[in-house]
Amino acid sequence: MNDRRTVFKTLRDLGIRLTPQRILILDILRKGNAHMGVEEVHAKARTRFPYIDIATVYRTLHLMKKIDVVTEVAIGERLHFELTHPDRKHHHMVCTCCGKAFNLAPEYLERFGEQIHRDFSFEPDVRNFTIKGKCSLCADKFEKSDSIL
Ligand SMILES: [Zn+2]
Ligand SMILES: [Zn+2]
């Protein structure tokens, strides 16, 4: 993971001020579970800065995205954010029942991409590829409710 010092240095090098709000939002993303929605980040930020509005959170996240400190992930209809992991790039599997996102190591899609390329001479862009489905927890729940009926 991009550690705190590296992130702060990136910001400073780009001349972006390290305001307390910006530091807080980055810390929330770093400590929280990956893939947080704007509302979730906002709710957490408000415990420290009760008057911070969601527009500020949005703007900060977008600024961080522009400089590649934060990655934006579409999970269902909603956008989620996580700190960019320079050496831990991953894709996402998203559960359509509970909305949770799980990380998928890049090898899976690299292999898939190579096969597509071999068979069709087509170079797929899988960078923002998200696989939708049902997570094991939700699958379990469905099985149990089936057996009751
Ligand atoms: Zn699920
Ligand atoms: Zn992720």
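Say a site is exposed when it is one of the trypsin sites (Lys or Arg not before Pro), sits in a DSSP loop, and has at most 10 other Cβ atoms within 10 Å; what is then the longest site-free stretch of the chain?
Details: sites that count: 17, 127.
In short, 18-126.
Hey, what did the chain get for relative contact order, percent, Cα under 8 Å, at least 6 apart?
Relative contact order for the chain comes out at 19 percent.
Name the long-range amide H neighbours of residue 75: under 5 Å, sequence gap of 5 or more, or other chain; modelled H, no Pro or chain starts.
80
Describe numerically, in nm with one decimal, the distance between label points set 7 Å from Cα along Cα→Cβ at residue 119 and at residue 10.
A separation of 3.6 nm, rounded to one decimal place.
Once the Cα atoms of helix 136-148 and of the chain are each reduced to a long axis, what angle between those two axes, in degrees from 0 to 90 to the nearest 10, is obtained?
Between the helix axis and the principal axis of the chain, the angle is about 50 degrees.
In a solvent-free Debye calculation with one equal scatterer on each Cα, what is log10 I(q)/I(0) for the chain at q = 0.11, 0.14 Å⁻¹, listed in the order of the q values?
Calculated log10 I(q)/I(0) at the listed q: -0.54, -0.79.
In whole Å, what is the distance between the alpha-carbon centres of segment 38-68 and segment 73-113?
Spelled out, the Cα-based centre of one part sits 21 Å from the other.
When the chain is modelled as a GNM with alpha-carbon springs shorter than 10 Å, which of 19, 130, 60 fluctuates the most?
Comparing 19, 130, 60 in the GNM, the peak value goes to 19.
Read the figures in this text as sums done on the coordinates, not as results from a lab. Note that the structure is a prediction, hence the values are computed from the model and not measured. Quick reminder, even Gly has a Cβ in these numbers, built from the backbone with ideal geometry, and neighbours come from all protein chains shown.
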